[in-house]
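Input: a single structure, listed below in structure tokens.
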């Protein structure tokens, strides 16, 4: 089988293709033109690719400069962390999208009250030729309609009001999502501060136990204390070091969770600053309940749900009423696709328009509409009961948070005294042991009580601010820094 000639032979007038005569010459010239255009386009493409490759080092350099210009480390206190989360957390982005979508739904429901226009265009073949002046056997038609609903049994009005209430409900849902996020960020932030204080307490315990191990080993080396004291000190030191490792892991875990809530990379260099305190809170139960019943978003969502259920009831009831509408129609016919009449059309058959009112009423559906109405009525009763339950739960949550806050405040005062007493007890036990009038067990027990009392104080401080955060959220108040409001 002969080989197919290559591009060089297509372009060479003296090749074997040139002996085919004039027709062959024409084909050869066309081939030359096509191949010349092809290779010309190819050269342009290669030039573009080379230019792009030449620009890549510049782009890489710009990216490197941008990375160097970016801040190496971000610093967030509790307030800044909450504000960052409210801006960038995907949950809030979703809630904002729902709110924006419901606003478009409200506008759509409003548009349904205004006129609508439709157009129709088609071709029809009749089985027999029409009478003279009435058109052709093959007919093209154009139809325009303007429709205005006048009365729909309050369906359109109720639908618009429902859409408006849905938008308002989504506004409350956005606030509810923000409050839930604020509570979660503050809870993790406080857990991080607590974990850092646990690390500091564990480090102090390790240092105390290392010091005691040195003293015990020195006494053992000179024969003043038994080997048992050294072993006991080593066991306690190993236990304290394990507690330190756990506390350090808690710090890393809390920081990773905070990065996630703030929509930051897990490996991002972020510094979270702050310390556990006990900010004052002077509202009583009645003031908290009054604030919650006005501003708590789930109560507002419940109220909107009741209103929406009432509108659904009205939409269902609209089927009991007749519907009144106005229509304006324009018709144009022709024997050709341009619907411009023809010799078989007179003025009346080629173009016309009509205007009119229509009244439609479906007055019997074998009970379907009636039972749908009863279903909507029961759904309204259900939603009302859910709103009552939401109010009751809101009151309980506020009462619980107030009690937890008071308990934590009382524990803080007791824990501070316990820490002071435990530290003094440890100092005395250590002095007695070094004076050879106390035992190693006394020192280790005293050290354990110091660690335990410090842990209780740290937990009380964290519980206080956690209860305060829950209380503000229960009232429907965003308080990023947990300061007095």
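If you check 260, 277, 291, 253 for being in the same structural domain as residue 209 (by TED's automatic domain parsing), surrounded by fewer than 16 Cβ atoms within 10 Å (Cβ to Cβ) and in contact (Cβ under 8 Å) with a residue 60 or more places away in the chain, only one passes: 277. Going by the conditions given, is residue 173 free of Cβ contacts under 8 Å to residues at least 24 places away in the same chain and in the same structural domain as residue 253 (by TED's automatic domain parsing)? No; evaluated as a whole, the condition is false for this residue.
For every residue, the table says whether it meets (1) under 34 Å from the mean Cα position of the chain (by Cα); (2) more than 14 Å from residue 289 (Cβ to Cβ); (3) surrounded by 18 or more Cβ atoms within 10 Å (Cβ to Cβ); (4) assigned by TED's automatic domain parsing to the domain that holds residue 315.
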{"position": "370", "(1), (2), (3), (4)": "no, yes, no, yes"}
{"position": "379", "(1), (2), (3), (4)": "yes, yes, no, yes"}
{"position": "385", "(1), (2), (3), (4)": "yes, yes, no, yes"}
{"position": "389", "(1), (2), (3), (4)": "yes, yes, no, yes"}
{"position": "393", "(1), (2), (3), (4)": "yes, no, no, yes"}
{"position": "396", "(1), (2), (3), (4)": "yes, no, no, yes"}
{"position": "401", "(1), (2), (3), (4)": "yes, no, yes, yes"}
{"position": "408", "(1), (2), (3), (4)": "yes, yes, yes, yes"}
{"position": "411", "(1), (2), (3), (4)": "no, yes, yes, yes"}
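Of the candidates 144, 45, 51, the single residue that is modelled with pLDDT of 95 or more and either closer than 30 Å to residue 163 by Cβ or outside the structural domain of residue 347 (by TED's automatic domain parsing) (or both) is 144. Screening residue 484 on (1) surrounded by fewer than 17 Cβ atoms within 10 Å (Cβ to Cβ); (2) touching a residue at least 60 places away in the same chain (Cβ under 8 Å); (3) in the same structural domain as residue 235 (by TED's automatic domain parsing) shows it passes everything except condition (3).
For the range 351-374, residues that are touching a residue at least 40 places away in the same chain (Cβ under 8 Å) and assigned to a helix (DSSP H, G or I) total 3. Which of the residues belonging to the range 135-171 are assigned to a helix (DSSP H, G or I) and in contact with a strand residue (DSSP E or B) (Cβ under 9 Å, 6 or more places away or on another chain)? Listed by number, the residues that qualify are 155, 156.
Name every residue in the range 99-133 that is in a loop (DSSP other than H, G, I, E, B) and either touching a residue at least 60 places away in the same chain (Cβ under 8 Å) or within 30 Å of residue 349 (Cα to Cα) (or both), in order of residue number. Passing the criteria: 115, 126, 127, 128, 129, 130, 131, 132, 133.
Taking into account only those residues within the range 440-459 that are touching a residue at least 24 places away in the same chain (Cβ under 8 Å) and either closer than 30 Å to residue 298 by Cβ or more than 54 Å from the chain's Cα centre (by Cα) (or both), which is surrounded by the most Cβ atoms within 10 Å (Cβ to Cβ)?
440
Do the conditions hold for residue 359, that is, is it out of contact with any helix residue (DSSP H, G or I) (no Cβ under 8 Å at 6 or more places or on another chain) and more than 30 Å from residue 123 (Cα to Cα)?
On the way: out of contact with any helix residue (DSSP H, G or I) (no Cβ under 8 Å at 6 or more places or on another chain): yes; more than 30 Å from residue 123 (Cα to Cα): yes.
Here the answer is yes, as residue 359 does meet what is asked.
Across the range 199-213, the qualifying residues are those that are within 13 Å of residue 426 (Cβ to Cβ) and out of contact with any helix residue (DSSP H, G or I) (no Cβ under 6 Å at 6 or more places or on another chain), and the one among them that is surrounded by the most Cβ atoms within 10 Å (Cβ to Cβ) is 204. The set of residues from the range 413-438 being without any contact (Cβ under 8 Å) to a residue 40 or more places away in the chain and not in a helix (DSSP H, G or I) comprises 435, 437, 438.
Checking 224, 245, 174 one by one, the residue that is part of a loop (DSSP other than H, G, I, E, B) and surrounded by fewer than 19 Cβ atoms within 10 Å (Cβ to Cβ) is 224 and no other.
The values are calculated or read from the model by the stated rules, or taken from the named source; none is laboratory data. Just so it is clear, the model here is predicted, and its values are computed rather than measured. A quick note on method: Cβ atoms are made from the backbone with ideal geometry, for glycine too, and the neighbour counts reach across all protein chains shown.
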